Amino acid sequence: MDIKKRIKNLLFFHEPRVERPFILTEDSEAGKYDPGTDKGRAGPESKKNEDLLLKKVKKIKLTKKKESPADEEKSDISKQLSENLNVIEERFSVPLNGDLIIRKFDITVKDSVIPAFLVFFDGLVNTKVINDDILQPLMLLSNLDFKSDRDDVLTYIRSHILPHNQLKEARTHQEVIDMVFFGGCGIYIDSLDVAFVADVKDFPGRSVERPNNELVIRGPQEGFTECLRGNTALIRKRLMDQNLISEDITVGRRSKTPCSILYIRDIANSSLVAEVRRRLKSIETDHIMDAGELEQFIEDNPSLPAPQIIATERPDRVCAMLTEGRVAIIMHGSPFALVVPITNSDIIYSAEDQYLRFPYSNLLRVIRVLAVLMSLLLPGIFLAITNYHHEMIPTDLMLAILSDREKVPFPSVVEVFLMEISFELIREAGIRIPGPIGPTLGIIGALILGQAAVEANIVSPILIIIVAVTGLGSFAIPNFSAGFAFRILRFGFIILAALSGFLGITVGLVLMGLWMVNAKSFGVPFVSPVAPRTTGGFSDAVFKSPVWKQEKRPDFMNTKKKRKQAHISRGWVNRGASAQQSDSGNKNE
C-alpha cells in the first residue's frame, strides 16, 4: 500500500496542506461579483460562516493588541558594565572563540572617565572604520556629562560623538549578538541600559563578475555575488523606483541567514507578497546555506520534476520580472536570486531574448522548443520505430539500421540505456574535473567511447547519433533545473516506448500534461496563459511580440497595474506622421 501511495503522489498533484489557503484570483474573475446574487442564498449555513468570520476578526484584533509596542520585551541590558561583560563572554564562549574581539576602553568625560567595551568578530568588520569612527571619537573627542538625563546622553552620543551612518540602539543582548554575527560592532557603556550597534561589516568575498551559467552576447555582463547588500544594490542600480521594496527576513534557527524579499509595491499582488512572506517565516530548520535549499522549502509540489521557481544569477532578469509583478528572494551567501511565480514558458526563455529583435528571439525560441522535444522524446521515438512501427520510415533506411544492428548482442532498449548512462557519466565527469580539462575530457571521452563501442559491436552507429543529438538538445535548454527534469523524464519515455511504442509515448505525454496542468507556482497555474486561458499574457508567452507591442503585464499575475507602457509607445511615429501632414497642408496652402 505504501508503494501505491507513493506512485499516486508522484503521478497526481495534491494541494499542500496549509492552515490558511492561498488563492491568487485571476483577472478574468475579478470584478464579476454581484452582491445581489448572494442575497437569496442566505441561510443557516451562511449565517454560521459569518459568525465564524467575526470570531476570527476578533481573534486577529486581540492578537494585534498583544503584539503592541507596550508589551514588548523589556531591556535585559544592565547598567553595570561588568554584568554585561559577563553575559557577552558567556554567550560567545570566551575564551574558546579565538576570533572574537572584546576591546575595553575609557570614554573621556568632564571630570573622570567612563568604562566601556566593544565586541566584534575579527574578519567580519572593517577595523579602520572602528578605529576612526568609533574608538577615536569616544576616547579622545567626547565631552560627555553623565549627570544629565539618560535620553539626553543617548541622543548626544548618537548625534554628536559617533559619526557612523548606521548606528542603532539595542535593548537586549540577543539583538547585539545577532548584529555582531552579521558584521556589526556592539558598544556597551557603563551606566546605560542600552547598547549601540554599528554596522561595520566587511565580509570577504568576490567582486561582481560575469554570470557563469547565463551568458549572453547582448545585454549586461554583471552577475550576482554572495553578498546580500551587494545584490540588492545591483537591482536598485537598474530599477530606480521609489516603490521598489526590500523586506528583510531571517531564516534558520542557528544559521540566521538574512534574506530580502523584493517587489514593486504598486504593481505586485498583495496576496502574493503575503504568501511569500508567510512561507519564509514558517520555515523551521537549523540552517539554510543556499538558495537551492530555500527553494525546496517553499515550492508548491516537490514531486513535480519541472522547476516551479526560477533561480537566476542575472540582476537584469530579476528587474524585468519585478516589473511584471513577480516577487524576488535574495539570500545572503548565494549568488542566485529566486523569482516567483513562474510558468512553463519561463524555463525555456533566455535572458538574451529581451535584448534581441523579435525575429531573432522567436527563431531561437523555436530552436529551444525543438531542443526540448528532442531531449525528451528522441530516444523513445527511435525505440518505438525500430521495435513496433517499422512502416513509418523508408525501407532502405530500415534495412540500413537492421544491418548495423546485426552484430549487436543487446536488445534496442538495453543499447539505448547503455549509451544514455554513458553519456550522463561523461557529462558529470566533465563538470567535476577542475579547470579547463573538464570540457576537453568530455568531448574526447565521448568520441573515444563512441568509436570504441561501435567497433566492438556493442552499439549501432545510428544510436550514437541519436544520443549525441539528444545531449545537444538538453544542453540548449537555458534553465539548468529544467534540463535535469527533461533528462529524468526521458528515461520514463524510453521505458514506455520499449513497452508499447507510440502508444506508451502518448500515455506518457498525457500523464505529463495532466501533471503540469494541475501544478501551480504560488497560486499561478503552471501552464498559464494557455490553461486556464486568460485574456492577456500572450505577448511574450510563446513567441515574442515587438517590444513596443508588449503593452500589458501578464493578467494571470493579477497585478495592481495592468498596463506597463502606453498604447502607442513609439510616440515619434505619430509625431512624424502629424509633421508630414502639417507639411503637406502648408504646401497645399
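Do the conditions hold for THR535, that is, is it in a loop (DSSP other than H, G, I, E, B), under 28 Å from LEU364 (Cβ atoms), outside the structural domain of MET374 (by TED's automatic domain parsing) and modelled with pLDDT of 85 or more? No. Of the residues screened, LEU373 is one that is under 30 Å from GLY523 (Cα atoms), at pLDDT 90 or above, assigned to a helix (DSSP H, G or I) and outside the structural domain of ILE298 (by TED's automatic domain parsing).
Candidates THR225, THR232: the one that is in a loop (DSSP other than H, G, I, E, B), under 11 Å from ILE330 (Cα atoms) and either β-branched (Val, Ile, Thr) or not assigned by TED's automatic domain parsing to the domain that holds GLN296 (or both) is THR225. None of SER481, SER422 is in a helix (DSSP H, G or I), under 39 Å from the mean Cα position of the chain (by Cα), at pLDDT 85 or above and under 30 Å from PHE336 (Cβ atoms) except SER481.
Within this structure, ASP300 passes the test of being at pLDDT below 95 and touching a strand residue (DSSP E or B) at 6+ places or on another chain (Cβ under 8 Å). Quick one: is GLY471 in contact with a Ser or Thr (Cβ under 6 Å, 6 or more places away or on another chain) and part of a helix (DSSP H, G or I)? In short, no.
How many residues does the stretch 260-319 contain that are not in a loop (DSSP other than H, G, I, E, B) and not charged (D, E, K, R)?
24
Might you check whether a residue that is free of Cβ contacts under 8 Å to residues at least 60 places away in the same chain, touching a helix residue (DSSP H, G or I) at 6+ places or on another chain (Cβ under 7 Å) and within 16 Å of PHE480 (Cα to Cα) occurs anywhere in the stretch 377-392? No, every residue in the stretch 377-392 fails to be free of Cβ contacts under 8 Å to residues at least 60 places away in the same chain, touching a helix residue (DSSP H, G or I) at 6+ places or on another chain (Cβ under 7 Å) and within 16 Å of PHE480 (Cα to Cα). For the stretch 272-321, give me each residue that is exposed (fewer than 15 other Cβ atoms within 10 Å of the Cβ) and polar (S, T, N, Q). SER282, THR285, GLN296, SER303, listed by residue number.
Of the residues making up the stretch 541-564, those that are over 20 Å from ASN362 (Cβ atoms) and assigned to a loop (DSSP other than H, G, I, E, B) number 7.
Listed here are the residues, each with its yes/no results for (1) in contact with a strand residue (DSSP E or B) (Cβ under 9 Å, 6 or more places away or on another chain); (2) under 30 Å from ASP316 (Cβ atoms); (3) of a type outside the set (Gly, Ala, Ser); (4) assigned to a helix (DSSP H, G or I).
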{"site": "LEU356", "(1), (2), (3), (4)": "no, yes, yes, no"}
{"site": "PRO359", "(1), (2), (3), (4)": "no, yes, yes, yes"}
{"site": "VAL369", "(1), (2), (3), (4)": "no, yes, yes, yes"}
{"site": "LEU377", "(1), (2), (3), (4)": "no, no, yes, yes"}
{"site": "ALA384", "(1), (2), (3), (4)": "no, no, no, yes"}
{"site": "LEU397", "(1), (2), (3), (4)": "no, no, yes, yes"}
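Please determine whether any residue of the stretch 401-409 is in the same structural domain as LYS256 (by TED's automatic domain parsing), surrounded by fewer than 22 Cβ atoms within 10 Å (Cβ to Cβ), assigned to a loop (DSSP other than H, G, I, E, B) and at negative phi. No - not one qualifying residue is present in the stretch 401-409. Here VAL414 meets each of (1) out of contact with any helix residue (DSSP H, G or I) (no Cβ under 7 Å at 6 or more places or on another chain); (2) in contact (Cβ under 8 Å) with a residue 60 or more places away in the chain; (3) part of a helix (DSSP H, G or I) with one exception, condition (2). Looking at the structure I just gave you, is SER460 at pLDDT 80 or above, over 29 Å from PHE336 (Cα atoms) and of a type outside the set (Lys, Arg)? Spelling it out, SER460 is indeed at pLDDT 80 or above, over 29 Å from PHE336 (Cα atoms) and of a type outside the set (Lys, Arg).
The values are calculated or read from the model by the stated rules, or taken from the named source; none is laboratory data. Remember, it's a predicted structure, so these values are computed and weren't measured experimentally. Every residue, glycine among them, receives a Cβ derived from its backbone with ideal geometry; neighbour counts consider all protein chains shown.
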